[in-house]
Amino acid sequence: MSKFTRKHYRAVAEAIRETRIEQECSFRDCTNIGRVQEQLARMFARDNGNFDRSIFDRACEPDGAIYSRKAARVVPAYEYNGKAAPCAR
């Protein structure tokens, strides 16, 4: 059984995305954040065979989107849970 769930992946991606916004950098610009993101993605993949790295990486970007299985589509971050757009701050 997996230790992590979609809820965890989303929370971690949101924290990484918020940090990128605060630091004003993209995936390739923030070396340390990128390293942390890489290590977390590897850990999540080992823990859960259904973990989708491409969705996680997109969700970590400042203009990231989060995949909604319920809606069966990629949802822009600003639509997710009714929160304000992270890129609009």
task = Give the residues of segment 1-21 that are in a helix (DSSP H, G or I) and of a type in the set (K, R), sorted by residue number.
result = R6, K7, R10, R17, R20
task = Report, ordered by the first and then the second residue, all pairs with beta carbons closer than 6 Å, sequence separation of six or more or different chains, a first member in segment 8-24 that is farther than 17 Å from E38 by Cβ, and a second member that is in a helix (DSSP H, G or I).
result = I21/P86
task = Could you check Q37 against (1) part of a loop (DSSP other than H, G, I, E, B); (2) crowded, with 17+ Cβ neighbours inside 10 Å and say which number it fails?
result = (1)
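Here's a check for you: in segment 22-34, which residue that is under 25 Å from N48 (Cα atoms) and either part of a helix (DSSP H, G or I) or of a type in the set (V, I, T) (or both) is modelled with the lowest pLDDT?
Checking each candidate, the answer is N32.
The values are calculated or read from the model by the stated rules, or taken from the named source; none is laboratory data. These figures come from a predicted structure and were not determined experimentally. For neighbour counting, all protein chains shown are included, and Cβ atoms are generated from backbone atoms with ideal geometry for every residue, glycine included.
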